[in-house]
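Before any comments, here is the structure.
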Amino acid sequence: MSKGSSTIAGYYYYLGWQAALCHGPIDAVTRIVFADRTAWSGAAMDTEIAIDQPGLFGGESKEGGVSGQVSILSGKATQTQDSYLAGVLGEASIPAFRGVCTLLFKSFYYALHNPYMKAMAIQAQRTNIDSQGAPMWYLAKARIGDDMNPAHGIRELYTDRNWGMGLAASLIDEASFMAAADTLYNEGNGFSLIWEQAQSIDDLINMVLVQIDGVIRTDIATGKIQIKLVRDDYSVNDLLSISENNVIAFESFQRSGWEDTINEVALIYHDEGTDQDKPVIVHDIGNQQIQGRRISKTLQMPGISNATLAQKVAQRELRVSSTPLSAIRLKCNRTVWGLNKGDVFKFSWNKYGIADVVYRIGDIDFGTINDSAIIITAVEDVFAFPASVYYTPIDSLWADSPSAPVAATYQRVYEATYWDSVFNLSAADHAQLGANFAFVAACAVKPKSDFFGFDLQTRVGAAAYAPAGSGQFCPTATVTAALGLAVSNAAIAIANGYNLDQVAVGRYALLDDELVAVTTIDLVNSTVSLDRGVLDTVPVAHAAGARLYFIDDHQAFETLERISGETVNAKILPTAPLGKLDLADAAELTVSLTGRAQKPYAPGNVKLNGDAYPAAALSGAITVTWSHRDRLQQTASLVPQSAGNIGPESGVSYTVSLYDGATLKEQATGLTGTTHTFALFTLTDPRVELFAVRDGINSHQTHVIGFGWA
């Protein structure tokens, strides 16, 4: 941090480079990320975009940011040579790079102080065109949210002549693929994946089939490739009946017991919003009670890109795995010739007491010229059983269609704590801060599931708004019942949870104006345990419905150093797939800076006559005790109220007061110890107030503890 010196503090680094993404053409590039931070989002192809994020890595006080022009080239068949690339390399023979989607960064500013380029990631999509750039087959149902319709993807793997099997379209049963596409579209069951061809086409098709619960088969009448989805799409009365009249040999019958079932499924999906693998966990509570234990399995489904779909698929898989189903193998005559893989039928067999039980075919052998018998291997169909599945309610990231930018319903701007300043500034920058420094921070909850993040802009007075940082949307929930002052490890019921799978234990949250530390979170039972009144706050009462903002690692921290006494106006601008909220459409929020980061911490572990927040009435002398706190030392972990002495910070004293209603009965100031006794005898509406003082500056908050008087 330079203050008036002409000494060189660092260098800006620029670079031109070309990045090849994949086979082209594609629909659009939708996001460009550096070091896990979004530099640009939108939808662009065969055009030049501008990236203007000079503060992405902390601005001039840290490692700068990124900015410059980027050409996004789809690689279409008519693409011409890029003039910038040819001019830089000085060669007229530079190819046009047809058939490859590329990004060309032109004299691009990518860092300050650090000559090493940050890790870059590019998000792109192709759902609406084929590999030749022509409109996708059955275009109306090709795209599901931000994903491809799996039926379209499988069909293209069979028919594409560039990287697929190259089969003629006439070999595809169009009706079955269109029916599957309609069903998957209505279910919201899309598929997103980077295919690097390290796996075979068959393996990729099988991966998609596992996600959508489908089978590929050959139509026995036409020889065409069909797709069949396993769904509850039949009437039992309409099914073909198989019994002793159709069966040559009942080769096997097996029924699994409860001990053979699974009662918990963990499904790992790849979250599009964070570009990270995440789990959803579903439970069959009834099965767990029957078995008296938890039996789990883990499924990897990287084609799923959002938690909503992951929950649905995990629930489907659990329903199959948690139900004891029977399996049969039958050798049948040609009367069952119309059945195929994935079909269902009714089966009856008097000897085993089976009557009209529905089975689904897993495998079928249609026989040979010399042996016309048809061999069916089938499993009892799970749709014949009632659903009894319970799932972990992890919040939706699903988007039916790209959203336009809107304001966040839940958003806050506040003065940052000393903890925030330590963790957002380098040690060198922090040491250069002025005597009255202050910083602004902000948080917001995602307005819609497909939003990316938000920018913070601020101003003082009538000045123009200026960029002040960016943040990620924070998880949120509300408490279902009122909370008192008492600090307890008991689980607190929560509701209206959103993105709670992103909440990390050991991080802090904002509950009204009280900071709390998350000690446990239970997504199954919708509860959270909290250490109350951490950092520079104290426990206060909260009404039912009070909102928790899980802000640690998600808030925006303004990069501009301010001073206490300033009143700052701020606007939060969420970024959606279709752009960023206009400044004029954002609500103006205001925060008055008090120098919060420089204030001493209030004491902790406060007790009256040995009890924290006593429930029983007190009488006679009242002894107040507390423990020291030290903001300068408390930068490693979030200290609970119940902890013993830390510090104190040099120069700290305490003021403790006894009130009866609005009347101050007695006050002690300048205390440097951790105890004080009030010798009063009769009180009507008593309370104790306690705060810390250093250099004439009071702690950010004051303990206010009321109690009964006997």
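The values are calculated or read from the model by the stated rules, or taken from the named source; none is laboratory data. Please read all numbers here as calculations on a predicted model, not as lab measurements. Note that we place each Cβ from the backbone using ideal geometry, even for glycine, and neighbour counts take in every protein chain shown.
Within region 168-208, the only residue that satisfies the criterion of being surrounded by 15 or more Cβ atoms within 10 Å (Cβ to Cβ) and on the phi > 0 side of the Ramachandran plot is G188.
When region 662-691 is filtered for residues that are in contact with a His (Cβ under 9 Å, 6 or more places away or on another chain) and touching a residue at least 24 places away in the same chain (Cβ under 8 Å), the ones remaining, listed by number, are T674, V688, E689, L690, F691. Name the residues in region 144-165 that are at pLDDT 90 or above, surrounded by fewer than 19 Cβ atoms within 10 Å (Cβ to Cβ) and part of a loop (DSSP other than H, G, I, E, B), would you? Result: D160, M165.
For region 613-621, the count of residues that are buried (at least 19 other Cβ atoms within 10 Å of the Cβ), of a type in the set (A, V, I, L, M, F, W, C), more than 26 Å from Y418 (Cβ to Cβ) and touching a Phe, Trp or Tyr at 6+ places or on another chain (Cβ under 8 Å) is zero.
Of the residues making up region 526-534, one or more are under 30 Å from F707 (Cα atoms), more than 26 Å from the chain's Cα centre (by Cα) and surrounded by 14 or more Cβ atoms within 10 Å (Cβ to Cβ).
All of (1) assigned to a loop (DSSP other than H, G, I, E, B); (2) of a type in the set (S, T, N, Q); (3) within 24 Å of H700 (Cα to Cα) hold for T409 with one exception: (3).
Mind listing whichever residues of region 615-638 are in contact with a strand residue (DSSP E or B) (Cβ under 7 Å, 6 or more places away or on another chain), modelled with pLDDT of 90 or more and not hydrophobic (A, V, I, L, M, F, W, C)? T623, T625, S627, R629 - these are the residues of region 615-638 that are in contact with a strand residue (DSSP E or B) (Cβ under 7 Å, 6 or more places away or on another chain), modelled with pLDDT of 90 or more and not hydrophobic (A, V, I, L, M, F, W, C). P574 fulfils the conditions (1) surrounded by fewer than 22 Cβ atoms within 10 Å (Cβ to Cβ); (2) assigned to a strand (DSSP E or B); (3) not hydrophobic (A, V, I, L, M, F, W, C) except for a single criterion, (1). Flag: T519 matches the condition of being of a type in the set (S, T, Y) and either in a strand (DSSP E or B) or without any contact (Cβ under 8 Å) to a residue 40 or more places away in the chain (or both). If L89 meets every condition in (1) modelled with pLDDT under 90; (2) on the phi > 0 side of the Ramachandran plot apart from one, which number is that one? Condition not satisfied by L89: (2). The number of residues in region 32-52 that are assigned to a strand (DSSP E or B) and more than 15 Å from F452 (Cα to Cα) comes to 7. Of all residues in region 53-79, those satisfying the criterion of being in contact with a Lys or Arg (Cβ under 9 Å, 6 or more places away or on another chain) and assigned to a strand (DSSP E or B) are Q53, V66, G68, Q69, V70, S71.
Going by the structure shown, is S637 touching a residue at least 40 places away in the same chain (Cβ under 8 Å), closer than 30 Å to E558 by Cβ, of a type in the set (S, T, Y) and not assigned by TED's automatic domain parsing to the domain that holds I563? In short, yes. Pairs linking a residue in region 461-481 that is at positive phi and surrounded by 20 or more Cβ atoms within 10 Å (Cβ to Cβ) to a residue that is at pLDDT 90 or above and basic (K, R), with Cβ atoms under 9 Å and 6 or more positions apart or on different chains, do not occur. Going through (1) modelled with pLDDT under 95; (2) at negative phi one by one, G661 falls short only on (2). If only residues of region 92-120 that are of a type in the set (S, T, Y) and surrounded by fewer than 17 Cβ atoms within 10 Å (Cβ to Cβ) are counted, the one that is nearest to E63 (Cα to Cα) is Y116.
The criterion of being over 34 Å from the mean Cα position of the chain (by Cα), among the aliphatic types (A, V, I, L, M) and on the phi < 0 side of the Ramachandran plot holds for V606. Is there a residue in region 645-653 that is assigned to a loop (DSSP other than H, G, I, E, B) and touching a residue at least 60 places away in the same chain (Cβ under 8 Å)? Checked region 645-653: no residue is assigned to a loop (DSSP other than H, G, I, E, B) and touching a residue at least 60 places away in the same chain (Cβ under 8 Å).
No other residue among I201, I129, I122 is over 30 Å from Y12 (Cα atoms) and in contact (Cβ under 8 Å) with a residue 60 or more places away in the chain apart from I129.
Would you check which residues across region 215-234 are more than 30 Å from Q288 (Cβ to Cβ), of a type outside the set (D, E, K, R) and modelled with pLDDT of 90 or more and list them? Correct list: V215, I216, T218, T222, G223, I225, Q226, I227, Y234.
Among the numbered conditions (1) within 33 Å of the chain's Cα centre (by Cα); (2) at negative phi; (3) surrounded by 14 or more Cβ atoms within 10 Å (Cβ to Cβ); (4) not polar (S, T, N, Q), the only one that D585 does not meet is (3). When region 431-453 is filtered for residues that are at pLDDT 90 or above and assigned to a loop (DSSP other than H, G, I, E, B), the ones remaining, listed by number, are F439, V445, K446, P447.
Screening G644 against (1) surrounded by 14 or more Cβ atoms within 10 Å (Cβ to Cβ); (2) under 44 Å from the mean Cα position of the chain (by Cα) leaves a single unmet condition, (1). Among the residues making up region 136-153, those that are closer than 14 Å to R126 by Cβ and of a type in the set (D, E, K, R) are R143, D146, D147. Could you please find all residues in region 359-380 being more than 16 Å from V247 (Cα to Cα) and hydrophobic (A, V, I, L, M, F, W, C)? Once the filter is applied, which keeps residues that are more than 16 Å from V247 (Cα to Cα) and hydrophobic (A, V, I, L, M, F, W, C), region 359-380 yields I369, V379. Counting only strands (runs of 3 or more DSSP E) that sit wholly inside region 256-374, those with at least 3 residues that are buried (at least 17 other Cβ atoms within 10 Å of the Cβ) are 264-271, 276-283, 326-332, 344-349, 354-365.
Filtering region 576-597 to residues that are of a type in the set (A, V, I, L, M) and out of contact with any Ser or Thr (no Cβ under 9 Å at 6 or more places or on another chain) leaves L583, A584, A586, A587, L589.
Of S61, S74, S67, all but one fail to be of a type outside the set (D, E, K, R), modelled with pLDDT of 90 or more and under 24 Å from D455 (Cα atoms); the exception is S67.
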